[in-house]
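Notes follow once the structure below has been shown.
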């Protein structure tokens, strides 16, 4: 189960200037705006001494200074003064820790800022909102730069900046998702899963954009879990993807597939039931492959009527799908639907004219319809068949298709039990598009074979849009 990374372009923020060459984190944080507390907040910092006050003064001077070297020098002074104050008896001052955190953030020391801000909020819980503002400003600046690098296909730089963003604010999903996506692109799926799970668990930001990122993370992590055959986790993750975006039909289809693989067929049926009414392969419907699996499961449970209904959906969109026609005919046979059995068997035989089992189904249809003349005619053809042909492979490219026919010799007998001599059988293969229009034809000859002798024939057709095949005696 795979799907290309989804939503990365849509989930990016604003583009940004290229990274500075020497210290990308510090160089970006240097210009972080010094926005204060929002209206209505009651952040009252306590304690502090002369050094704490000096730190605040140096910080304000740095924020207003337009000369980079001067700004760095002033921030260094501010940092030193805050630290001297804390070490000199102000370890219990929320004001001292607040300014140390502010200065460390401007210097690009994200770990130091995180630690100082945590201590500030411990000492002054009412200041949590203001601290959150500074964390959010730094996060946005870094994640915007990471998004720009993802857009420019600079994955390593994007991941580096995203890790930094997660360091200052681990409660938002975008940074974790960006790192996880980078691991996916480098096929380090186990590492990707760790970061995608972190993105999914980052629920502090409940905005529409953040929810979309978490949903994408759940989906991608579900794909990773499914591909490593961890089906219970795939169920959990795809279920969360559906919960976060109820109209994500890919997630619904994958949830159903995961539930079946996890042995939860009843739950899978409930999910599939909501999608069965839609056309196979449509945006809201199940894939042809999923419908096949459902139909086979229904047939094996002897639920022939529902199996027929499922295979009907496949045949409706792929009317030349030989396997779907065969399974549909068998389902009608199990459901004792003689008319539909014969109709479908004849369609199958017209497609696959040298197939012994297709002709057997035609005979079963005539038998069920009590059509004795046609049954005798079919029985005679079955008894006299000197070869059974199966299409063992069909490969399509943009410019044509190749099919392989596997022929096996049979002991043909006529109605009087006399041996029917095997002879070569020339055939015409028609390569069809989805609508059943002939794109091109090719000829081949099925050789005369002794009983149980086998031979493969390869037939190639050239043309765009080939999707199916049928063949007939020449």
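Counting the residues of segment 351-386 that are more than 23 Å from residue 413 (Cα to Cα) and under 40 Å from the mean Cα position of the chain (by Cα) gives 1.
I'd like the full set of residues that are under 12 Å from residue 110 (Cα atoms) and surrounded by fewer than 23 Cβ atoms within 10 Å (Cβ to Cβ), limited to segment 158-169. Don't jump to the end; show me each part of the working.
Step one: of segment 158-169, the residues under 12 Å from residue 110 (Cα atoms) are 161, 163-169.
Scanning segment 158-169 gives 163, 167.
If I filter segment 371-384 for residues that are more than 22 Å from residue 449 (Cβ to Cβ) and touching a residue at least 60 places away in the same chain (Cβ under 8 Å), do I get at least one hit? Checked segment 371-384: no residue is more than 22 Å from residue 449 (Cβ to Cβ) and touching a residue at least 60 places away in the same chain (Cβ under 8 Å).
Kindly indicate the residue of segment 229-241 that is touching a residue at least 24 places away in the same chain (Cβ under 8 Å) and in contact with a helix residue (DSSP H, G or I) (Cβ under 7 Å, 6 or more places away or on another chain) and also farthest from residue 216 (Cα to Cα) among those meeting that condition.
Residues of segment 229-241 touching a residue at least 24 places away in the same chain (Cβ under 8 Å): 229, 231-232, 234-235, 237, 240-241.
Now narrow it down to the ones that are in contact with a helix residue (DSSP H, G or I) (Cβ under 7 Å, 6 or more places away or on another chain): 231, 234-235, 237, 240-241.
Details: 231: 18, 234: 14, 235: 15, 237: 10, 240: 10, 241: 7 Å.
Filtering first and then ranking leaves 231.
Among all positions in segment 68-77, there is no residue which is assigned by TED's automatic domain parsing to the domain that holds residue 24, over 27 Å from residue 158 (Cβ atoms), without any contact (Cβ under 8 Å) to a residue 12 or more places away in the chain and touching a helix residue (DSSP H, G or I) at 6+ places or on another chain (Cβ under 6 Å).
Determine, yes or no, whether residue 225 is at pLDDT 90 or above and more than 13 Å from the chain's Cα centre (by Cα). Show your work before the answer.
Numbers: at pLDDT 90 or above: yes; more than 13 Å from the chain's Cα centre (by Cα): no.
No; evaluated as a whole, the condition is false for this residue.
Do we have residue 456 as assigned to a strand (DSSP E or B) and surrounded by fewer than 15 Cβ atoms within 10 Å (Cβ to Cβ) here?
Details: assigned to a strand (DSSP E or B): yes; surrounded by fewer than 15 Cβ atoms within 10 Å (Cβ to Cβ): yes.
The answer is yes for residue 456.
Annotation: of all residues in segment 300-326 being more than 29 Å from the chain's Cα centre (by Cα) and touching a residue at least 24 places away in the same chain (Cβ under 8 Å), the one that is nearest to residue 275 (Cα to Cα) is 308. Within segment 266-309, the set of residues being over 20 Å from residue 321 (Cβ atoms) and at pLDDT 85 or above comprises 266, 267, 268, 270, 271, 301, 302, 303, 305.
Name the residue that is farthest from residue 385 (Cα to Cα), counting only residues in segment 436-474 that are touching a residue at least 24 places away in the same chain (Cβ under 8 Å) and out of contact with any strand residue (DSSP E or B) (no Cβ under 7 Å at 6 or more places or on another chain). Among those that are touching a residue at least 24 places away in the same chain (Cβ under 8 Å) and out of contact with any strand residue (DSSP E or B) (no Cβ under 7 Å at 6 or more places or on another chain), it is 464. Does any residue of segment 95-104 turn out to be surrounded by fewer than 24 Cβ atoms within 10 Å (Cβ to Cβ), touching a residue at least 24 places away in the same chain (Cβ under 8 Å) and not in a loop (DSSP other than H, G, I, E, B)? So far as segment 95-104 goes, no, none of its residues is surrounded by fewer than 24 Cβ atoms within 10 Å (Cβ to Cβ), touching a residue at least 24 places away in the same chain (Cβ under 8 Å) and not in a loop (DSSP other than H, G, I, E, B).
The values are calculated or read from the model by the stated rules, or taken from the named source; none is laboratory data. Since this is a predicted model, take the numbers as computed values, not measurements. We place every Cβ from the backbone using ideal geometry, glycine too, and count neighbours over all the protein chains shown.
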